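Report on the following structure.
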Amino acid sequence: MIKFLIKRIWQLVIVLFAVSLLVFIMTSLVGDPLSLLVKENASASQIAEATEYLGLDQPAYHQYFLFVKNALNGDFGVSYRYQQSAIHLIIERMPATLELVVIAMALSIVFGIVFGVYAGAYPNSFLSKTIMNLSIAGISVPSFWLGMLMIYIFGIKFGLLPVSGRGEVGTILGIKTSLATIDGIKHVILPALTLSMGSVASIIRLTRAGIQENMVQDYVKLARAKGVKNRKILFGHVLKNTLIPIITIFGLQLGSLIAYTTITETIFAWPGMGKLIIDSINSSDTPIISAYILLVAVIFVVINFVVDLLYCVIDPRIELK
Amino acid sequence: MEKLLEVKNLKTYFHTFKGVVKAVDGVDFYVNKGEILGIVGESGGGKSITGFSLIKLIESPGKIETGEILFEGNDLVKYSEREMSKIRGKDIVMIFQDPMTSLNPVYTIKQQIEESLILHTNLNKKERHERCVELLKDVGIPNPENRLTNYPHQFSGGMRQRVVIAIALAVNPKLIIADEPTTALDVTIQAQILKLMTELVKKQGCSMILITHDLAVVSEIADRINVMYCGKIVESSKVSTIMNHCKHPYTRGLLNSIPDIKDNKDRLETIDGIVPNMFKLPKGCNFYPRCNKRMEECENKEPEYREYKEGHYISCHYPIEGER
Ligand SMILES: Nc1ncnc2c1ncn2[C@@H]1O[C@H](COP(=O)(O)OP(=O)(O)OP(=O)(O)O)[C@@H](O)[C@H]1O
Ligand SMILES: [Mg+2]
């Protein structure tokens, strides 16, 4: 176990090193921060001062070490646009994004597994066929289009749900969240649905395939020969075996959900870090971009770590190595 | 003797794209209480499907077409799935052909044995644990206490097969259907397991149907034998009758192909030809194309399954005369 942890932490370090190098190269190649920071009519001495302040007069490797050193201290510099600490800006917006991601993930698990198990267990029923057709649509429809469709139908046409912003935010257990108020919940429904659609669809398809594959295994026959009822076989024996590949996909989906928040948040004007990063990219606000990318890299490594742990819990054949 | 199970005109067909496979095509047989019935025959003869039909574990495209399965006088064919699940694992248990994959890889050995106990007995937790230990000990697994928390992948093939047998014996069934319980094991363990099973059968006083393609094995432990060919029983009688006075050319062929060390035959005899295509069975006797005693009548007229002598059933127009 300890060996496994050390290996994982070592991996994290390597990943972060690679990502930080990439981020550094990209941000120093793309855009000239000076032009953003100083006024158009700045004097030569003002420009020199800013150059020195940003360390732009130093050699590249020196700049990189400085970048890493500051990053380790949580300092990614000050956002050019907001004149605030970049990491602070991101962390401030993180709860809104995580809220969306967590809800979308929960929707994917619940609907994905329930519908998937049903479609796998009764492949010939009308409902199963409908589910499978919808899941193809869910995978192929781009989320920005789906988002706009949702806005049109639920927001504009029927006026059922709000389509912009986070609504009223309350606190549950010290965490600020939209889920604390009715208004907030109303606001979160459409963006969360839009965000989750793709992964609900993938999880449905994967669950169904897994269930069908496992239903014909000998151990299912033995369970039936033991007199175990069909429903218990499905949700016990078979589902537990099916979960193994689902967990892998689950990890990948979580990553892509975080990535897709950029689109969803932009469409629904959701004040999360996805919208922040899009805005920052548009204005070449490099401190925020680099902070965001590194943060997401950390999140990915952590997710993978958790997925590996879950594997061991579910599949006794796998041991931590 | 009292009959525990009586099967009448049982037909199980598979409706595949290519056509209908008559896997079990009108078999009649019975099993007495406390008796071991062997079912033998070449691969594809319908032995396993007969076994699965008895507990109605036939999956689509398969279907039990007609027939009666009288178990203690009640017709299982008429039973609903719910009623069957009360009989399966309690009164009738089945040990499958492939032990390697019969256990669920993500449950412990204990969970899998206990499942039957929970379903079919009123034992409490402690009693169940004791029963699990006892069962593993019965089937000869060393150190049962510690082994219970293992997963199947931590067991060898032979041990897994023992676990499957332990599961079958967990609730003192009335009938055990053992489908090639030892084919996957090496020869020394084969004998050991068969001995163990017969001992347990005798001890618990239950009946057993032993399915195998190995006549030599079955002749040692069974009381009676059914010989199956292409979904039909071609001959059925007491072991001694089958071994010494068999009347069907197919049975004779099977017997002649048993390697006999004492006899020191130069060459093993085989049955010529191969099992016919299940989609295109011969019009008359299924064995006609391979039979060395065939007559004209056999080509077009299906032989009737009849009682040749008391307790000796056969379906052949021209039974072999004399001794083997
Ligand atoms: N799911 C299925 N679909 C179509 N045909 C099947 C199916 N299962 C079995 N059969 C056919 O039923 C016939 C009997 O099969 P069965 O498994 O009972 O043979 P067996 O006597 O047990 O052979 P073996 O000694 O190889 O185990 C075979 O011809 C087989 O092809
Ligand atoms: Mg078989």
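For peptide B:79-91, the mean count of partner chain Cβ atoms within 10 Å of a residue's Cβ comes to 3.
Working ranking of peptides B:24-35, B:161-172 by packing, defined as the average number of other Cβ atoms within 10 Å per residue, highest first, is B:161-172, B:24-35. Distance from the C-alpha centroid of the range A:228-242 to that of the range B:196-264: 38 Å, rounded to the whole angstrom.
As a check on your grasp of the helix formula, calculate [θ] at 222 nm for chain B: sum -39500 (n - 2.57) over DSSP H runs of n ≥ 4, divide by the residue count, round to the nearest 500. Let's see the in-between values first.
Values: 11 runs with 103 residues, N = 324.
Per the formula, -9000 deg cm²/dmol.
For A:T177, the residues 5 or more places off, or on other chains, whose built amide H falls under 5 Å of its own are A:G170, A:T171, A:I172. At an R0 of 60 angstrom, the distance between the Cβ atoms of A:A269 and A:N124 translates into a FRET efficiency of 0.85. Remark: mean inter-chain Cβ contacts per residue of B:114-121 equal 3, using a 10 Å Cβ-Cβ cutoff to other protein chain atoms.
Once the Cα atoms of helix A:2-29 and of chain A are each reduced to a long axis, what angle between those two axes, in degrees from 0 to 90 to the nearest 10, is obtained? With both axes taken from Cα atoms, the answer is about 50 degrees. As a proxy for reagent exposure, ranking A:V68, B:V217 by other Cβ atoms within 10 Å from fewest up yields A:V68, B:V217. Ordering B:A23, B:F287, B:G157 by the projection of their Cα atoms onto the charge dipole of chain B, which places +1 on the Cβ of Lys and Arg and -1 on the Cβ of Asp and Glu, puts B:G157 at the extreme positive end. In order along the range A:68-80, phi translates into HN-Hα couplings of 5, 4, 5, 4, 4, 8, x, 10, 9, x, 9, 4, 5 Hz, rounded to whole numbers, per the Karplus curve 6.51 cos²θ - 1.76 cosθ + 1.60 with θ = phi - 60° and x for Gly and Pro. When a/c is below 1.5 the answer is rounded, else prolate if a/b is larger than b/c, else oblate, so apply that to the range B:141-215 with a ≥ b ≥ c taken from the square roots of the Cα gyration tensor eigenvalues. Since a/c reaches 1.5 but b/c is at least a/b, the shape of the range B:141-215 is classed as oblate.
Report for chain B the percent antiparallel among DSSP-assigned beta bridges with both residues inside it, nearest 5.
Numbers: 32 of 50 bridges.
Around 65 percent of the beta bridges assigned by DSSP in chain B are antiparallel ones.
Shown in residue order for the range A:134-143 are the 3J(HN,Hα) couplings computed by the Karplus curve 6.51 cos²θ - 1.76 cosθ + 1.60 at θ = phi - 60°: 4, 5, 5, 4, x, 6, 8, 6, x, 6 Hz (x for Gly and Pro). By how many degrees, between 0 and 90 and to the nearest 10, does the Cα long axis of helix A:86-121 differ from the longest principal axis of chain A? Taking the Cα atoms of chain A, the angle to A:86-121 is about 20 degrees.
Residue by residue, the range B:109-124 carries 3J(HN,Hα) couplings of 4, 4, 4, 6, 6, 4, 3, 5, 5, 5, 5, 10, 10, 9, 4, 8 Hz when phi is fed to the Karplus relation 6.51 cos²θ - 1.76 cosθ + 1.60 (θ = phi - 60°); x denotes Gly or Pro.
Of A:L100, A:L72, A:L252, the residue with the greatest mean-square motion in the GNM of chain A, using alpha carbon springs below 10 Å, is A:L72. Amide H of B:L4 versus every other amide H placed in the peptide plane: which residues, excluding those fewer than 5 positions away on the same chain, fall under 5 Å? For B:L4, the qualifying residues are B:V31, B:N32, B:K33. Counting lysine pairs in the range B:108-262 that sit 8 or more residues apart in sequence, or on different chains, and whose Cα atoms lie under 24 Å apart gives 24. Close amide H partners of B:G38, meaning residues 5 or more places away or on another chain with modelled amide H under 5 Å apart, are B:L210, B:D223, B:R224, B:I225, B:N226.
Read the figures in this text as sums done on the coordinates, not as results from a lab. Just so you know, these numbers come straight off a predicted model, no measurement behind them. We place every Cβ from the backbone using ideal geometry, glycine too, and count neighbours over all the protein chains shown.
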